[in-house]
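Asks: Before I ask anything, let me first share the structure, which is written out below as structure tokens.
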Amino acid sequence: MSVQTASPTRVTTAPDRRDSYPTRLARPMDLPWIHRQEAVVKGKPEDGPLSQEKLDDFERNGFLFEPNFLSADEVAELRDELKILLDNDTYRGKDFSITEPDSQEIRSLFAVHFLSQRFARLANDERLTGRVRQILGGETYVHQSRINYKPGFQGKGFNWHSDFETWHAEDGMPAMHAVSASIVLTDNHHYNGPLMLVPGSHKVFVPCLGETPDDHHKQSLKTQEFGVPSPEALERLIEANGIEAPTGAAGGLLLFDCNTLHGSNANMSPDPRSNVFFVYNRVDNVCGEPFGARRRRPAFLAHAPGQEWKPE
């Protein structure tokens with residue numbers, strides 16, 4: 001799937017610097033995607049807890065699922081903490097508290113490692129950070145954190161997208177040196193809206209069309225319309241690689257590359273689905289000015305190394 005970079009036309013004004021992954025374009029490029037420029041796995045088996053076999057799986061697929069990552073007691077403690085946060089009425093109506101598109105049901109709370117000491121300890125747990133350092137090949141910081149909650153019957157789906165496309169365009173993340181860690185806090189079934197991923201899609205970058213609206217995050221965190229790959233590119237990648245949806249008991253860990261295409265269906269069952277989600281970015285890949293937006297998103301969505309944040 002190696003291709004050459006075409007000459008794109010960008011709508012938004014971006015800083016005068018080299019952009020390896022142009023997106024939010026005025027018209028389609030001549031080719032459907034751009035070949036990834038960074039290595040996927042930067043470390044070796046001796047650098048951390050992941051075996052060569054698991055590193056090879058991550059390299060090939062762009063994600064790795066480890067069941068039983070946390071014990072039942074740890075999961076119960078985190079679920080109790082999740083309930084405390086979701087039941088906190090002072091968070092409703094705040095910019096870091098995202099509700100379902102057509103209700104006041106909270107679907108995500110951002111900057112959760114600042115809201116909760118328990119989730120802060122988990123974000124810094126060596127079992128997580130050791131794996132992330134091993135994959136990324138260097139020291140990291142938490143670029144973003146959140147808890148996701150998809151209630152039974154009411155939890156809506158989310159369009160196919162690459163997180164890196166958003167972080168590059170709207171947060172100014174220069175390169176693909178980030179990994180997401182998602183720990184499932186409820187059993188994941190094929191019918192309660194689990195995360196779906198396209199294996200191998202992390203090896204190409206799919207530019208997206210359309211100028212980024214100001215304050216785009218206010219809409220995109222509910223329903224994403226900009227930063228979504230074209231149906232043609234998605235069809236080709238899915239035909240070549242298929243779709244996988246890791247399922248299993250609560251406590252499993254899903255690690256996935258920042259550029260892996262993923263999305264989810266609505267929860268059609270009475271069983272809620274929840275997870276805690278940490279994004280680790282390498283410290284030498286710190287974000288700057290956005291590549292495809294007029295200004296960066298708020299701090300609750302994109303943290304800097306060593307940054308402190310408090311809800312307003």
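The values are calculated or read from the model by the stated rules, or taken from the named source; none is laboratory data. Everything numeric in this text was worked out from a predicted model, so none of it was measured. Every residue, glycine as well, gets a Cβ built from its backbone with ideal geometry; the counts of neighbours run over all protein chains shown.
Asks: Scan region 270-288 for residues that are crowded, with 21+ Cβ neighbours inside 10 Å and aromatic (Phe, Trp, Tyr) and jot them down.
Replies: Matches in region 270-288: Phe278, Tyr280.
Asks: Of the residues in region 241-273, how many are among the polar types (S, T, N, Q), under 15 Å from the mean Cα position of the chain (by Cα) and closer than 16 Å to Asn148 by Cβ?
Replies: Taking region 241-273 first, the residues among the polar types (S, T, N, Q) are 241, 247, 259-260, 264-265, 267, 269.
From what is left, the residues that are under 15 Å from the mean Cα position of the chain (by Cα) are 259-260, 264.
Keeping just the survivors that are closer than 16 Å to Asn148 by Cβ gives 264.
Counting residues in region 241-273 that are among the polar types (S, T, N, Q), under 15 Å from the mean Cα position of the chain (by Cα) and closer than 16 Å to Asn148 by Cβ gives 1.
Asks: Something else: When the residues of region 180-197 are narrowed to those that are part of a strand (DSSP E or B) and of a type in the set (Ser, Thr, Tyr), which ends up nearest to Val40 (Cα to Cα)?
Replies: Residue satisfying both the conditions and the ranking: Ser180.
Asks: Same structure again: Taking Asp16 as the residue in question, decide whether it is in a loop (DSSP other than H, G, I, E, B), among the acidic types (Asp, Glu), over 23 Å from Asn259 (Cβ atoms) and at pLDDT below 95. It would help to see each step written out before you state the result.
Replies: On the way: in a loop (DSSP other than H, G, I, E, B): yes; among the acidic types (Asp, Glu): yes; over 23 Å from Asn259 (Cβ atoms): yes; at pLDDT below 95: yes.
Taking the combined requirement at face value, the residue satisfies it.
Asks: Also: Being part of a loop (DSSP other than H, G, I, E, B) and without any contact (Cβ under 8 Å) to a residue 12 or more places away in the chain is the filter here; which residues of region 45-71 pass it? Give the derivation first.
Replies: So the first thing to find is which residues in region 45-71 are part of a loop (DSSP other than H, G, I, E, B), and the list is 48-51, 62, 67-71.
Within region 45-71, Ser51 is the sole residue that qualifies.
Asks: Please work out if Phe291 is out of contact with any Gly (no Cβ under 7 Å at 6 or more places or on another chain) and either under 23 Å from Pro229 (Cα atoms) or in contact (Cβ under 8 Å) with a residue 60 or more places away in the chain (or both). Working first, answer last.
Replies: Numbers: out of contact with any Gly (no Cβ under 7 Å at 6 or more places or on another chain): no; either under 23 Å from Pro229 (Cα atoms) or in contact (Cβ under 8 Å) with a residue 60 or more places away in the chain (or both): yes.
For Phe291, the condition - out of contact with any Gly (no Cβ under 7 Å at 6 or more places or on another chain) and either under 23 Å from Pro229 (Cα atoms) or in contact (Cβ under 8 Å) with a residue 60 or more places away in the chain (or both) - is not met.
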